[in-house]
Structure formats: C-alpha cells, structure tokens
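Step one of this worksheet: look at the structure below.
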Amino acid sequence: MTAAVVAATTVLAVLAAYAFGVMRFPGSTVLFYLFVIGLTLPQEALVVPLYFDLRYAELTDTYWALILPQTAQSLAFGVFWMRTYFRGSARAVIEAARIDGANSWTTLWRVLVPMGRPAISTMVVITFMWTWNEFLMALVMVSGEAHRTVPLGLAFFQGQHSSDAALLAAASVLIALPVVVVYVALQRRFIEGMLGGAVKE
C-alpha cells in the first residue's frame, strides 16, 4: 500500500507541479490554491465523510480505501513542494532545452527531473514516512486483519502482548526498520533537497 501511494503521488505531483510551475494557462493560480487547501484540512475532519463515500462505493476494507485517500492527501504536499522546485529551476536551462527543439514532455523528463532528484527524493522520503506511519485512516477504513497496516497491527499486537516487553520491542524495531532503511538510502539527496538545492543559477 505504501509503495502504491508513494509511486502514484510522485508521478502525479511531478506532472501537476510542472504544469503549475512552468506552464501558463488560465485558472492555474486558482487550481494551485485548491491543492494547497489540502494542506490545511485536518484528517480528522475528512475521515468520516470519506468512510461513508467509500462504503457507498463498496471500497471499505480494501487496499483502495487506504491508497486513494492517502494519495489525495499526499498530493497536496507533493504539488506544493515540487512546484517550488520548478519555479526555482534555472530558466536558462529550460529555454536552452526548448531552443534545442525539446517539447514540454522532453524538458520535464530529460532535463528537470534528473536535475531535481534531491527535491524528488525528499518528497519520496516524507511521503513514505507519512504513509507508513498512518494509523487513523487504516483504523476507520479497515476492519479485517488481511488489510491492516503495520502501525494498526502493532496496536492490536500491543493489546494481545501488553505484558511482554521483549516482544513489543522486537515488533517496534521491525516496524521502524523500513523507514530507517529508506532514509539511509536516500539520506544524501534528502538533505540536499531540504537545503533547497537542486538547481542554483
């Protein structure tokens, strides 16, 4: 579930942010602020209406009940983050690519995305951590054991083995391990992205 959310968020955020950051079209500012509103809405205010919508669509207690809402929530941050990178990209590089005959698609995937790996890596790490640690959405949307996320499973595990500190410690380490591995693997680019630095003119 986490892999699906991270992959979908990364692709959609890059595409949308490129449109908002580089292209000019009517209504772009209004549409961008609609995305930004998603950063201000608390999850607790959305989870109950989302539950009834997904239950009506017969998607509760499935992976889609976790993937779709989490992707939508992560997109708000992803679009905001990547738009900032595209706005700060060297305009001379984009203009040079277009002079060389590159269209918008080629400019994005052949020029800006390779240069923006630190920004993209930062977004991937943050989205991964948010999605992996998600508890409330999984608690509301999932009732069966088959689709429980790891933090939700730990909560039930803790209830069953509350007196066994060694088992709880082992389970906590196993649950935290993927986040640590992803951070260590992308640490250098994550720090570069947080410091602002894909491209400086």
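Nothing in this text is a laboratory measurement; each read-out follows from the coordinates by a stated rule. These numbers come from a predicted model, not from an experiment. Please note: Cβ atoms are built from the backbone with ideal geometry, for glycine as well, and neighbour counts cover all protein chains shown.
Inside the range 130-187, counting only helices (runs of 4 or more DSSP H) that do not spill past its ends, which hold 3 or more residues that are over 27 Å from LEU68 (Cβ atoms)?
150-160, 165-185
So for the range 137-149 (the condition being buried (at least 16 other Cβ atoms within 10 Å of the Cβ) and among the acidic types (Asp, Glu)), does at least one residue qualify?
No, that holds for no residue.
Which members of the range 103-120 meet the condition of being in contact with a Gly (Cβ under 7 Å, 6 or more places away or on another chain) and over 12 Å from VAL14 (Cβ atoms)?
Step one: list which residues in the range 103-120 are in contact with a Gly (Cβ under 7 Å, 6 or more places away or on another chain), which gives 118-119.
Passing the criteria: only PRO118.
State whether the residues of the range 77-93 include one that is over 19 Å from ALA13 (Cα atoms) and touching a helix residue (DSSP H, G or I) at 6+ places or on another chain (Cβ under 9 Å). I'd like the intermediate steps shown before the answer.
Taking the range 77-93 and keeping what is over 19 Å from ALA13 (Cα atoms), we get 90-93.
Of the ones still in play, those that are also touching a helix residue (DSSP H, G or I) at 6+ places or on another chain (Cβ under 9 Å) are 90, 93.
Yes, the conditions are met somewhere in the range 77-93.
Among the residues of the range 54-94, write down those that are without any contact (Cβ under 8 Å) to a residue 40 or more places away in the chain and within 15 Å of MET23 (Cα to Cα).
The answer is none; no residue qualifies.
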